[in-house]
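Working notes, beginning with the structure itself.
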Amino acid sequence: MADRSGIITLTTDFGTRDPFVGIVKGVILGIFPAARIVDLTHQVPPQNIEAAAWVIQDSYRYFPPGTVHMAVVDPGVGSDRRALAMKADGHFFVGPDNGLFSPLLDQAETVIALCREELFRDEVSATFHARDVFAPVAAGLAKGLNLEETGDRISDPVRIELPRAVAEEGVIRGRVVEIDLFGNLITNVPAEMIPKGRVLVMVGNNDVMGIGYSYASLSNTAPGAIIGSHGRLEIALKNGNAAEYLGAGAGEKVELTVL
Amino acid sequence: MADRSGIITLTTDFGTRDPFVGIVKGVILGIFPAARIVDLTHQVPPQNIEAAAWVIQDSYRYFPPGTVHMAVVDPGVGSDRRALAMKADGHFFVGPDNGLFSPLLDQAETVIALCREELFRDEVSATFHARDVFAPVAAGLAKGLNLEETGDRISDPVRIELPRAVAEEGVIRGRVVEIDLFGNLITNVPAEMIPKGRVLVMVGNNDVMGIGYSYASLSNTAPGAIIGSHGRLEIALKNGNAAEYLGAGAGEKVELTVL
Amino acid sequence: MADRSGIITLTTDFGTRDPFVGIVKGVILGIFPAARIVDLTHQVPPQNIEAAAWVIQDSYRYFPPGTVHMAVVDPGVGSDRRALAMKADGHFFVGPDNGLFSPLLDQAETVIALCREELFRDEVSATFHARDVFAPVAAGLAKGLNLEETGDRISDPVRIELPRAVAEEGVIRGRVVEIDLFGNLITNVPAEMIPKGRVLVMVGNNDVMGIGYSYASLSNTAPGAIIGSHGRLEIALKNGNAAEYLGAGAGEKVELTVL
């Protein structure tokens, strides 16, 4: 198919200790043997839809157009929550209708509620739709299935609001949304929002140095702000743990003032 | 080969910190470049053959027939324990002869003790048969090697007994065999054994609600029983940790009484 | 390409919780859709160049010649540290010029400082060269790009010294370089350096049994020495944790005396 890359990405909260992710891959390869499957992460904090939405938003654009992104963080599995497939920005997305794909909804061309049961596994459990519903549909889409053939168009997918940074009168107000493996504070302030020139950066009540160019340009002795790998403002401490240093966690206020 | 899927699954206790799993994949791809390799888990508790046997039994059927399942949890590596390749239920299995594949033995058509040394790596270490013995044989089988050509037929592979649930006089007696990532208690009571209709479920001395349809149908305030992703009875607490709530771990008795 | 295997291995300190490794794979597959990508490890201790160098050295030879090994442990990202691509022992290596590939430098035919910006992603961040610089170059090399076309030859790549074992007058002196998942002490004493016959093995001030043939040949009650999966001397305790038993960690002296 001209508009399919043959790649499927997976984002879940399944962890890697149990064989669930492997089973999902088995189902995919049974339907589409040429699929190339890439794990984004299986360590989304359990049932944290917002964290998964950030992962999808941060990652999808680095894959070729026509990639299928399957995400399953699904506290409502087995309830009457709908299952979605959609196309946005040239990519396909498959998962529960619980807000996982909210950041992409404004760009979505087509949003489908999955209902063609002949696409699913013969027996659909009430606890493992990743295996029984989403994997078969993702495999089908990656192989070339027409999106419209997976179910019915809907116009009211569930949305969650990710906390957005706001700019007004020379002040940008955002939040820490995540602490990464290295103790860096990842904020919701996108690079595009930050003006060139001198900026004062506050995290809670602490001011931090900024905005540096790279980790290497940071100081060893005090945290500083940089544009990090997520394409957003990040507070880091060279050779140290900025979160511990500042005693700051997810939710902490971040304020940038243009000088 | 008509009866090979070209897929190899891996189940080990190697963890993912050391490069051992990657090295095994290098050896496989050197022999069979078109192999598609799927990790089931590398976090089997160290040397826990029974836990690995559950992983294999729970997972293999979700792969296409003709898949090669390589499992290496191998406390006896370097001793005179035999090495196995076998075919059962249309799938191939490769690993040490220590009981790993016990649940499949009753269905096995052919069980082979590996002894054709020309199939192994030139130098076979006493500590890393996954790399030197099992990966080459698994790659060969996935590529189309005749199972009979890997060694000699045997009739006495090592068996371990997995604890089985027993049904008598309206009572089903089983055990918790594992606590999963979410704190759910995974039992050895298969879905097929559980009658329709009302059932009283006891875990140790606690009775739990049951049997619900899905995680979403559970209560927030007390644990309940459902048929989980393993296809077995599972005790879960909605938005909580059932194992902590009940103070129950692996080995705990589970009893179902038909009302 | 005759001299390329189409395989790319990845070694990083990115962990698997964030989607960074997945993003790197997306960039690779966008450039070279047929790439087969193998994770060696993403759990190198943060910024530990020496640990990554051991991983590369221990692993690369188990892949087919013409494999591209990309390693990114990169405390200097965004500084003026150079980026490297090189060929050694029939394999290709791509990563920052900070000593990661030191063990291979003596065998390197060609060492290149990457500078052909048209090979990189359009926008090169100051924090994520794995995505913007190394992944595109690794994908290009795996696909058949001429190594000489990636930049300029250099003769002074950064070297770090890995601690080497020394043999003199019947005594071999080495060190513990790592504790593995099972609590085994991995030393820097290569199998080739150890004479046949009886050897006294000391770890710090403790003598240990040795040298056994395999884990299975060890005692349950006291640690012993064997040649482990890394191809180096290893101190292990059967069904136990040798590091805890001996109270020994990385850096501990290891001494072998030929009897």
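Between B:Asn48 and B:Lys253, what is the label-to-label distance in nm when each label sits 7 Å out along the Cα-to-Cβ direction?
Roughly 2.3 nm, to one decimal.
With all protein chains present, how much of the accessible area of the range B:63-132 (probe radius 1.4 Å) comes from carbon and sulfur, to the nearest whole percent?
The C+S portion of the solvent-accessible surface of the range B:63-132 is 42 percent.
I'd like the residues of the range A:97-128 whose 1.4 Å-probe accessible area shrinks by no less than 30 Å² going from the isolated chain to the full set of protein chains.
A:Ala126, A:Thr127
Using a 10 Å cut-off on Cβ to Cβ distances, tally the other chain neighbours for every residue of C:10-19 and report the average as a whole number.
Partner-chain Cβ atoms within 10 Å, mean over residues of C:10-19: 6.
Taking H placed 1.01 Å from N in the peptide plane, check which residues at least 5 places from B:Ser79 or on another chain put their amide H under 5 Å from its amide H.
For B:Ser79, the qualifying residues are C:Ala216.
In Å², rounded to the nearest 100, what is the total accessible surface buried by chains B and C against each other with a 1.4 Å probe?
Roughly 2300 Å².
Can you work out the accessible area per residue across chain C, with the rest of the protein chains kept in place, probe 1.4 Å, in square angstrom?
40
Can you work out the FRET efficiency for the pair B:Asn146 and A:Asn220, with r the C-beta to C-beta distance and R0 = 56 Å, to the nearest 0.05?
0.35
From the label point of C:Arg198, set 7 Å from Cα along Cα→Cβ, how far away are the matching label points in the other copies, in nm, ordered shortest to longest?
Result, one decimal in nm: 7.7, 7.7.
Can you give me the convex hull volume of the Cα atoms of chain B, divided per residue and expressed in Å³?
In chain B, the Cα convex hull volume per residue is 141 Å³.
How many percent of Cα pairs in the protein assembly as shown exceed 49 Å?
18
Between A:Met193 and A:Ala34, what is 0.36 nm times their sequence separation minus the Cα-Cα distance? Round to one decimal in nm.
Here the segment from A:Met193 to A:Ala34 would lengthen by 53.2 nm.
If you take each beta carbon of peptide A:163-171 and count the beta carbons of other chains within 10 angstrom, what is the mean?
Mean number of neighbouring Cβ atoms from other chains: 0.
Only protein chains counted, 1.4 angstrom probe. Which residues of the range A:201-249 are at least 20 Å² less accessible in the assembly than when their chain is isolated?
A:Tyr213, A:Ser214, A:Tyr215, A:Ala216, A:Ser229, A:His230, A:Asn239
Along Cα→Cβ at 7 Å, what distances in nm separate the B:Pro65 label point from those on the other copies, shortest first?
4.2, 4.2
Just which residues of the range A:28-45 lose 40 Å² or more accessible area with every protein chain there, against their chain alone, with the probe set to 1.4 Å?
Buried by the other chains: A:Leu29, A:Arg36, A:Val38, A:Leu40, A:Gln43.
Go ahead and set up a Gaussian network model of chain A, Cα springs under 10 Å, then flag whichever of A:Asn220, A:Asn184, A:Asn98 fluctuates most.
A:Asn220
Report, largest value first, the span of the C-alpha coordinates of the range A:1-142 along each principal axis, in whole Å.
Result for the range A:1-142: principal-axis Cα extents of 32, 31, 29 Å.
Relative to the other copies, what are the label-point distances for A:Glu148, with labels 7 Å from Cα along the C-beta vector, expressed in nm at one decimal and sorted shortest first?
For A:Glu148, the inter-copy label distances come out at 5.5, 5.5 nm.
Distance between Cα centroids, the range C:80-104 to the range A:189-259: provide it in whole Å.
31
Quote the accessible area belonging to A:Glu255 in square angstrom, nearest 10, computed with a 1.4 Å probe and with ligands, DNA and RNA left uncounted.
So the heavy atoms of A:Glu255 present about 70 Å² to solvent.
Can you work out which chain A residue has the shortest Cβ-to-axis distance for the rotation that carries A onto B, and give it in Å?
A:Thr16, 4
Can you give me the distance in nm between label points at A:Asp156 and A:Glu169, each placed 7 Å from the Cα along the Cα-to-Cβ direction?
Result: 3.9 nm between the two label points.
What is the set of long-range amide H partners of C:Thr67 at a cut-off below 5 Å, with H atoms built 1.01 Å from backbone N?
C:Ser5, C:Phe92
The values are calculated or read from the model by the stated rules, or taken from the named source; none is laboratory data. As the structure is a computational prediction, the values presented were derived from the model and not from experiment. A quick note on method: Cβ atoms are made from the backbone with ideal geometry, for glycine too, and the neighbour counts reach across all protein chains shown. In case anyone asks, the SASA skips ligands and DNA or RNA and just uses the protein heavy atoms, side chains included. Shrake-Rupley method; radii C 1.70, N 1.55, O 1.52, S 1.80 Å.
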